[in-house]
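Presented below is the structure to which this report refers.
Just so you know, all these numbers are worked out from the coordinates, no wet-lab data involved. Values in this document were obtained by computation on a predicted structure and should not be read as measured data. Every residue, glycine among them, receives a Cβ derived from its backbone with ideal geometry; neighbour counts consider all protein chains shown.
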Amino acid sequence: MDLLQSITAESTTGDIELRPIKGLISTNIRSTTGDIYIKELESQLVSVHATTGDINIKDGQSEEFSLSSTTGDIELVNSLGRVQGNTTTGDILFEGQVGDSLDFNITTGDIFIQTNGTLDEYALQYTTSTGEITVEQKNLSTTVEGNFQHSEGKGPSIRIHSTTGDAVIQ
């Protein structure tokens, strides 16, 4: 029996929905206008791009997620792996355990990260040009705004860069 090693899905207009798919080497999803929904995906490499539309991934597992959206939101819930997410105009939401790293770049929009652990378990680095970054823990809440750069901690890395937008890290 041959196993499916890779999958490519493209749509010019319309949504793409994948669920559950396991044991892939690579997954490549592209949408010009439409949302992308992925649930229970296991793939060594995952590349997802939406020009105008949202990207939603739930219960995914990959060595590397490469996610980009020109105009749309990126939502990643309970998904493990090294994650790189970029959006020009849209929000980024991450909920769950941080695998190897999170690296988010946003031009105009907000970032919300809610981890399953405490923030001292992670190497945290964040920069903003014009926006607020709020770091919230049990006994500490810090908000910085404007041109700011900060780095602290050990463990899997969480890197955030925002040009014009806010970020909340919990």
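Overview of values
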quantity: Net charge, I29 excluded, C-beta distance under 12 Å - Lys, Arg +1, Asp, Glu -1; calculated: -3
quantity: Part-to-part distance (alpha-carbon centres) for the range 56-127 and the range 17-35, which is given in Å; calculated: 17
quantity: Reciprocal mean inverse distance between Cα atoms of the chain - Kirkwood radius, Å; calculated: 16.2
quantity: Exposure proxy ranking, count of Cβ atoms within 10 Å, fewest first, for L93, L67; calculated: L93, L67
quantity: Histogram of C-alpha separations across the range 1-90, 10 Å bin width, %; calculated: 19, 56, 23, 2, 0
quantity: For the chain, share of DSSP beta bridges that run antiparallel, in % to the nearest 5; calculated: 10
quantity: Under 16 Å from the S26 label point (7 Å along Cα→beta-carbon), backbone N, the range 67-109; calculated: 67
quantity: Fewest-first ranking of F94, F112, using other Cβ atoms within 10 Å as the exposure measure; calculated: F112, F94
quantity: Residues in the range 18-60 reached by a label modelled at T12 [backbone nitrogen below 13 Å; 7 Å Cα→Cβ]; calculated: 32-33
